[in-house]
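Undergrad: Can you keep this structure in mind? I'll have questions shortly.
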Amino acid sequence: MAERILMIDDDDRLAGMVSDYLGGAGFRVTVANTGRDGEAQLKRETFDAVILDLMLPDADGLDLCRRLRTTSDVPILMLTARGEPMDRVVGLELGADDYLAKPFEPRELQARLRAILRRKGSSAPKSDVLRFGRLEIDKGARVVRVDGEERPITSYQFALLLALAERAGRVLSRDALMDVLKGEKLEAFDRSVDVHVSRIRAAIEDDPKKPRRILTLRGTGYVFARDQDR
Amino acid sequence: MQRLYLQFYVTILVVLAVFVGAAVLLWRVADDDNRTPQYLDVAAELTGALLPDATAPRPEQQRAIEGLQRKLRFDIALYEPDGDMIAMAGKPPPRFDPNRARTGWRRGPGGPNFVLQLPDGRWLVARQVRERPNPIFWIAAALGLVAVAVAIAAFPVVRGLGRRLERLKAGVDRLGGGDLGARVKVEGRDEVAALAASFNRSAERIEALVAAHRLLLANASHELRTPLTRISVAASLLGDAADPRTRESLKRDVAELNELIEQILLASRLEALPTLEQHEPVDLLALAAEEASHYDVEVNGEPVTVSGDRTLLRRLVRNLVENAQRYGGGTPIEVSVTREGNRAVLDVIDHGPGVPEAERQRIFEPFYRLAGASESGRGSGLGLALVLDIARRHGGDVVCLEAEGGGSRFRVDLPAA
C-alpha cells in the first residue's frame, strides 16, 4: 500500500523532483503550490503525511502548521530554509513532527518521512521519546531507532545510552556513568564502560570508527552529542 | 554628568544673587554721596532759628531740645562747635567728633543719623527713633524675597524642562540599545516637543528599515536556498548516471554555498543584535568535542562551563576548526579546552604555514585574506570575523598566536560560569 504524501511547496521544479524521487521509493505524492491549495487538498482527501515548506507565497508555514494541527493529526514534516534552531523549536511546538533544513538530501527526506510515518503507527507518547536528529531513544519501549529502524542493543547498553543522552552536551566521566548505572543489572561483569560504548556505537553510529553521537574525550570521559542533525 | 536643569537653575540663582547684591551696593554708593543736600542747609538754618541762642543757659537749651525731640520723635543731641555736649534728649548718640563731622546723613549703629551744623557753629545730631529697622535692610529683604520667589517659581519650570530632556534621552538610549519600538511622549508644543516628535519619526523610519532589512534577509535566505536545494536534490537523483567524483564535488559545492549563505546571514543578524539573546550554561569541552567530531578531530582538556548562546559558541568552534583545516595544510589539528582561573580557554592549533605576525590582527577583519592564500577551497571570508564577534559578545576575546613547532594557535578565552 503506497503511502499518500501531500507536499506543500511553492517551488514547482523542486516539488516535481521530490515527487519523482519519493514516487520511485513507493510513495504517492500530491503537490500543492500554495497554502490555500494545500488546505483544500487536505479537506478533499486523506494523506498519511504532509511535507510543508515554511515559506509559502500566500501563507506563513508556521501559521498553516498550527491550523492544520487544530483539525488533523496527520504527521507534518516542515521544510525550513532558515535552519535556525529557534525556528526548529517553534516548528515543533506548533505541532510539526519533524523538520528538515534546506538544502536537504532526498535520501534524508525519505528517511525522515518513514520515521514520522512509523511513529504515527506506534502509540508511544511523544514525551517518552528522545530524539536527536535521525536517532530516537524510546524510553517507553526501551528501544533505539535510527531513521525509524530499530537497532539491537542490550538492556544495560540502553541504560548507558539513556544516561548519556539525558545529559547530552555535557562531559560525563566513567565514574559518573558508573554511578548513574549502579542500579542497573550488569550483564557481564568484566566489561568496562568503554566496551559497552563501542557496542552501542556499532549499533547507532553511521560509521563506528568516526563516531558522531557518542564521543570519547581522552582522559575525561564521554559526551553525547546534543545537535546531531547537521 | 552635568545636569542641564541644574545649570539653568544655578544660572538663575546666580543672576538673582548678583541683582540683589548690585541693588544693595548701588544703594550704599548712593548713600555715601558726600555732597550735602541743599535741604539740610535749610534745615540747619531753620533749626538754628528754632533753638535758643548759643548764649542761652543750658537748661533752656535742654528744654528746647526736649521739645524738639517730642515733636520730631528723633533722638537729638546738641554740641558746642568744639564737640562738648550741650543738651541731649532720647537715647544717647554715638560718640561725636566735630573734626570729622559735616552736615549730612551718616550711617550709624542705631540707624542713619543726620548731623547739622547750625549757622552759629553748634552741632545738632539727630537720629530718628527706630520704630522700623534700617531701610537698607528692608529693601534688601524685599529684593531677597523677590529673589526667593523667582527661584522657587523657576525651579519647577527648569526641572520640568530637565525632566523632559531626560525622558527624551532615555528614549534615545532605548533605541540605541536595540529596542526599535522605543518612542517618547511628545509633551507640549515647544522645541523639546519638536525634538521628541523628530525622534519618534526617525525611530519609526529606523524600525521600518530594519524590518525591511530583516525581511530581505529572510527572503534572500529562502530564495538562495531554493535553487540550492534543487541542485542538491538533482545531484542525488543523478545516481549512477554521473561520475561519483563529479557528484561528490557537486555536493561539496552545495554545502560550501550553503555554509556561505549561513555565515552571511549570521553576520547580518548579529549586526542587528547588540547583545546575546540566549544565556544558558554550556559545557565548552563537550561542545568543542561535538563540533570537532565532524572534522574527525579529537579534543582534549577539562570540562569548563561557560554561559552563553550555544548556537553561537558552536559556530565559533566550527569556524576555528574549519579554518585550521582549510589553512593547516592537512596537518593534524589539536583542540583543547582548559580552565585558567575564572576563564575558559579554547585552543585550536594547526601546524600549517601559520600567520605572519604583522597580519595576526587583520585576519579577524571580514573578508581579509592572507597574501598567497589560494582561491579554491577558501571560506566565506567571514569565519574569523564571526569568531571574534562571538567571543567578544560573550565577554571574551580571540587572538592568533604562533603554535609551538610552527603553525597557528587560535586562543579564545571566555569568562567561565
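Undergrad: Which order do A:Y99, A:Y222 take by accessible area at a 1.4 Å probe, largest first?
TA: I get A:Y99, A:Y222, largest accessible area first.
Undergrad: Right, next: Below 8 Å, C-alpha to C-alpha, sequence gap of six or more: please give me the relative contact order for chain B in percent. It would help to have the intermediate numbers written out before the result.
TA: Working: 551 pairs, mean separation 39.7, N = 417.
Value for chain B: 10 percent.
Undergrad: Leaving out ligands, DNA and RNA, what percent of the accessible area of the stretch B:280-415 is carbon and sulfur, probe 1.4 Å?
TA: Using a 1.4 Å probe with all protein chains present, the stretch B:280-415 comes out at 49 percent carbon and sulfur.
Undergrad: Take the solvent-accessible surface of the protein heavy atoms, probe 1.4 Å, and return the percent of it on the stretch B:38-131 that carbon and sulfur atoms account for.
TA: 51
Undergrad: Work out the charge dipole of the stretch B:177-274 with +1 on the Cβ of Lys and Arg and -1 on the Cβ of Asp and Glu about the Cα centre, then indicate which of B:G178, B:L270, B:A234 is farthest towards its positive end.
TA: Farthest towards the positive pole: B:A234.
Undergrad: Let me ask something else. So what's the gap between the Cα centers of the stretch A:131-163 and the stretch B:197-272, to the nearest angstrom?
TA: 35
Undergrad: Can you give the percent of C-alpha pairs in the stretch B:38-131 whose distance is more than 23 Å?
TA: So the portion of pairs separated by more than 23 Å is 12 percent.
Undergrad: Could you give the accessible area per residue of the protein assembly as shown, probe 1.4 Å, as a whole number in Å²?
TA: 53
Undergrad: Sticking with this structure for a sec: Which value, in square angstrom to the nearest 100, describes the accessible area buried between chains A and B on both sides, using a 1.4 angstrom probe?
TA: Buried area (both sides, nearest 100 Å²): 3300 Å².
Undergrad: Quick one: P(r) of chain B from all Cα-Cα pairs, 10 Å bins, percents rounded to integers, in order of increasing distance.
TA: 4, 14, 14, 11, 9, 7, 6, 6, 6, 7, 7, 5, 3, 1, 0, 0
Undergrad: Say a site is exposed when it is one of the GluC sites (Glu not before Pro), sits in a DSSP loop, and has at most 12 other Cβ atoms within 10 Å; what is then the longest site-free stretch of chain B? Mind dumping the intermediate values first?
TA: On the way: sites that count: B:E131, B:E277, B:E375, B:E404.
Excluding the exposed sites themselves, the longest stretch runs over B:132-276.
Undergrad: Mind listing, in residue-number order, the residues in the stretch B:218-254 that have at least 40 Å² less accessible area with every protein chain present than in their own chain alone (1.4 Å probe)?
TA: Correct list: B:H222, B:R225, B:T229, B:R230, B:V233, B:L237.
Undergrad: Once the mean 1/r over all distinct Cα pairs of the stretch A:3-121 is inverted, what Kirkwood radius in angstroms do you read off?
TA: Over the stretch A:3-121, the inverse of the mean reciprocal pair distance is 13.9 Å.
Undergrad: Connecting C-alpha atoms closer than 10 Å in a GNM of chain B, tell me which of B:L250, B:L388, B:L320 has the biggest fluctuation.
TA: Evaluated over chain B, the most mobile residue of the options is B:L250.
Undergrad: Could you tell me how many degrees, from 0 to 90 and to the nearest 10, lie between the Cα long axis of helix B:191-238 and the main elongation axis, the longest principal axis, of the Cα atoms of chain B?
TA: The two axes meet at around 0 degrees.
Undergrad: What number does chain A give for Rg over Rh if you use C-alpha atoms and the Kirkwood radius?
TA: 1.03
Undergrad: Let me ask something else. Under the definition of Cα pairs under 8 Å and six or more residues apart, what whole-number percent is the relative contact order of the stretch B:140-264?
TA: Relative contact order here is 15 percent.
Undergrad: Check the straight Cα-Cα distances from B:K169 and name the lysines below 30 Å, setting aside those fewer than 8 residues away within the same chain.
TA: Of all the lysines, those that pass the test against B:K169 - Cα under 30 Å, at least 8 places apart if same chain - are B:K185.
Undergrad: Could you work out the pair-distance distribution P(r) of the stretch B:177-274 from its alpha-carbon pairs, with 5 angstrom bin width and percents rounded to whole numbers?
TA: Distribution as computed: 3, 11, 14, 13, 10, 9, 8, 7, 6, 5, 4, 3, 2, 2, 1, 0 percent.
Undergrad: If ligands, DNA and RNA are left out, what is the accessible area of B:W27 with a 1.4 Å probe, given in Å² to the nearest 10?
TA: Approximately 100 Å² of B:W27 is accessible to the 1.4 Å probe.
Undergrad: Could you work out, for the protein assembly as shown, what percent of all Cα-Cα pairs fall into each 20 Å distance bin, beginning at 0 Å and stopping at the bin that holds the largest distance?
TA: Distribution as computed: 14, 31, 19, 9, 9, 11, 7, 0 percent.
Undergrad: If I compute solvent accessible area with a 1.4 Å probe over the protein chains, what percent of it on the stretch A:3-121 is carbon and sulfur?
TA: 48
Undergrad: Which whole-number percent gives the relative contact order of chain A, counting Cα pairs below 8 Å spaced six or more residues apart?
TA: Result for chain A is 12 percent.
Undergrad: Taking one equal scatterer on every alpha-carbon of the stretch B:327-417, how large is log10 of I(q)/I(0) by Debye at q = 0.24 1/Å?
TA: Values, matching the q order: -1.35.
Undergrad: Restricting to DSSP H runs of at least four residues, report the calculated mean residue ellipticity at 222 nm for chain A, -39500 (n - 2.57) per run over all residues, nearest 500 deg cm²/dmol.
TA: That comes out to -12000 deg cm²/dmol.
Undergrad: Under 19 Å from the Cα of A:K120, which lysines turn up, not counting those fewer than eight places away in the same chain?
TA: Candidates past the 8-residue exclusion: A:K139.
Undergrad: Using a Cα-Cα cut-off of under 30 Å, which lysines could be cross-linked to B:K251, ignoring same-chain neighbours fewer than 8 residues away?
TA: Here the lysines satisfying the reach criterion relative to B:K251 are A:K102, A:K209, A:K210.
Undergrad: Here is a follow-up. Select from B:R183, B:R314, B:R70 the residue whose mean-square fluctuation is largest in a Gaussian network model of chain B (Cα-Cα springs shorter than 10 Å).
TA: Checking each option, the largest mean-square fluctuation is seen for B:R70.
Undergrad: Just to be sure I understand the model, the point goes 7 Å from the Cα along the line to the Cβ. What's the resulting B:Y368 to B:L195 distance in nm?
TA: If labels sit at B:Y368 and B:L195, their model points lie 3.9 nm apart.
Undergrad: Among B:Q278, B:Q325, B:Q62, which one shows the biggest mean-square fluctuation in a GNM of chain B, springs joining Cα atoms closer than 10 Å?
TA: B:Q62
The values are calculated or read from the model by the stated rules, or taken from the named source; none is laboratory data. If you're wondering where the values come from, they're calculated on a predicted model, not measured in any experiment. A quick note on method: Cβ atoms are made from the backbone with ideal geometry, for glycine too, and the neighbour counts reach across all protein chains shown. These area figures cover heavy atoms from the full protein model, side chains too; ligands, DNA and RNA do not enter into them. Shrake-Rupley method; radii C 1.70, N 1.55, O 1.52, S 1.80 Å.
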